[in-house]
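Some notes on the structure that comes next.
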Amino acid sequence: MARGKHPLRVAIVHDWLVGGGAELVVEQLHKLYPDAPIYTSYTTKEWRQRLDGKVVTGWLQYLGFIRKFIPFLRIWWFTRLKFDGYDLVISSSGAEAKGIRVPDKTMHINYCHAPTHYYWSRYDEYMKQPGFGAFDWLARIGLRLLVGPLRKWDYKAAQRPDHMIANSQHIQSEIKKYYDRESTVIHPPIYMERFQKPQNQKLKRQGFLIHGRQTPYKRFDLAIEACNQTEQLLTVSGDGPDHARLRKLAGHDITFLGKTSDTVAEQEFASAEALIFPGLDDFGITPIEAMASGTPVIAYKAGGALDYILPGKSGEFFDEPTAESLAKVLKNFKPERYSHSAIAVFAQRFSRENFQKAVLRYIEGVL
């Protein structure tokens with residue numbers, strides 16, 4: 001891709017690189033623009049290597065855990081980055097990276113994973129459970145005192161990109177609600193081949209699965225309580241700050257695996273009758289990974305799940321965020337009604353290749 005007589009000069013910006021669906025977006029942007037530097041406030045060694053040494057960090061990299069406490073430092077760092085000489089800057093952000101400033105002749109496209117959670121849609125949840133362990137009290141005080149000016153900055157920052165991409169229709173509506181901006185939906189990618197290994201397709205399917213980081217807003221408790229009520233087998237894969245509480249809720253039909261390797265996770269996806277996805281999520285990479293394995297998904301009828309759950313084809317919905325509502329669906333769930341191969345084909349629309357094509361079409365259209 002070129003602009004004028006020279007190849008397009010591109011930079012990529014991301015909040016932080018530690019692992020997750022947002023990082024998969026950055027990785028695919030890097031594949032599209034392998035020479036583009038990737039500016040971020042913090043990166044792990046793994047992600048510096050995965051991105052071929054193109055990651056650019058600054059003094060925030062050396063602050064350690066404290067960097068998570070002080071959004072003003074991240075704001076200061078991102079807003080002082082210089083992008084002279086670039087034709088296009090792509091920010092991948094659910095926090096401060098979208099607030100960069102670019103020259104007048106440089107186009108800024110923001111891929112928005114969500115309006116900043118702890119200022120807007122999940123402020124109350126973060127106040128209850130900030131996720132800082134022994135420092136939760138400090139995080140609550142800081143957020144309560146600073147949320148007003150931080151919301152004002154975040155709104156202004158969201159006006160800076162020339163164009164915005166949303167990762168789901170749910171986030172598209174959130175962008176309109178909190179930022180008063182229009183956006184185009186391009187779903188994030190998954191690595192299809194990880195979940196379609198021939199040896200895993202032969203595994204016997206039994207029971208339900210719930211997988212991911214165990215935090216209160218993901219509502220793993222609903223899956224556990226519903227399976228307790230219906231006496232259904234449930235495997236709980238992953239770890240997190242809610243782990244101890246979830247274990248106390250669990251009955252004798254619930255198995256906890258803890259944090260698993262990628263290999264074990266792939267096998268669990270392929271051997272479950274269905275994945276339970278009980279929380280309201282911005283998009284939800286985990287359900288797509290399950291579907292790539294041919295596994296239907298039982299999801300709460302809200303958020304990103306509305307983009308990919310087709311009742312009777314790729315999964316089922318439960319209507320209320322209660323164990324009783326979920327239990328009703330589990331009782332009536334018939335796994336034999338689903339075609340595993342058809343679900344895997346449906347999931348192909350979220351492949352890396354389709355993501356790259358959609359992003360290139362979009363950029364060509366706006367340049």
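The values are calculated or read from the model by the stated rules, or taken from the named source; none is laboratory data. Predicted model only: the values in this text are computed from it and were never measured. Don't worry about glycine lacking a Cβ; one is built from the backbone with ideal geometry, like all the others, and counts go over all protein chains shown.
Report whether or not residue 292 is within 30 Å of residue 112 (Cα to Cα) and either out of contact with any Pro (no Cβ under 9 Å at 6 or more places or on another chain) or outside the structural domain of residue 221 (by TED's automatic domain parsing) (or both). Considered against the rule, which asks whether it is within 30 Å of residue 112 (Cα to Cα) and either out of contact with any Pro (no Cβ under 9 Å at 6 or more places or on another chain) or outside the structural domain of residue 221 (by TED's automatic domain parsing) (or both), residue 292 comes out as yes. Residues of region 168-200 that are assigned to a loop (DSSP other than H, G, I, E, B) and among the aromatic types (Phe, Trp, Tyr): 191 alone. Flag: residue 302 does not match the condition of being surrounded by 14 or more Cβ atoms within 10 Å (Cβ to Cβ), more than 30 Å from residue 107 (Cβ to Cβ), assigned by TED's automatic domain parsing to the domain that holds residue 211 and in contact with a Pro (Cβ under 6 Å, 6 or more places away or on another chain). Is there a residue being touching a residue at least 60 places away in the same chain (Cβ under 8 Å), of a type in the set (S, T, N, Q) and farther than 16 Å from residue 209 by Cβ anywhere in region 282-294? Looking for residues that are touching a residue at least 60 places away in the same chain (Cβ under 8 Å), of a type in the set (S, T, N, Q) and farther than 16 Å from residue 209 by Cβ, one finds none in region 282-294, hence no.
Pairing each residue of region 103-122 that is free of Cβ contacts under 8 Å to residues at least 24 places away in the same chain with any residue that is of a type in the set (D, E, K, R) and in a loop (DSSP other than H, G, I, E, B), provided the two are 6+ apart or on different chains, yields C-beta distances under 7 Å for 103/84; 106/87.
Looking across region 314-334, the residues that are surrounded by fewer than 17 Cβ atoms within 10 Å (Cβ to Cβ) and either charged (D, E, K, R) or without any contact (Cβ under 8 Å) to a residue 12 or more places away in the chain (or both) come down to 319, 320, 324, 331, 332, 334. Being surrounded by 15 or more Cβ atoms within 10 Å (Cβ to Cβ), in a helix (DSSP H, G or I), of a type outside the set (A, V, I, L, M, F, W, C) and at pLDDT 80 or above is the filter here; which residues of region 139-160 pass it? Hits for region 139-160 are 151, 154, 155. In this entry, residue 358 is excluded by the filter for residues that are in the same structural domain as residue 200 (by TED's automatic domain parsing) and either touching a helix residue (DSSP H, G or I) at 6+ places or on another chain (Cβ under 6 Å) or assigned to a helix (DSSP H, G or I) (or both).
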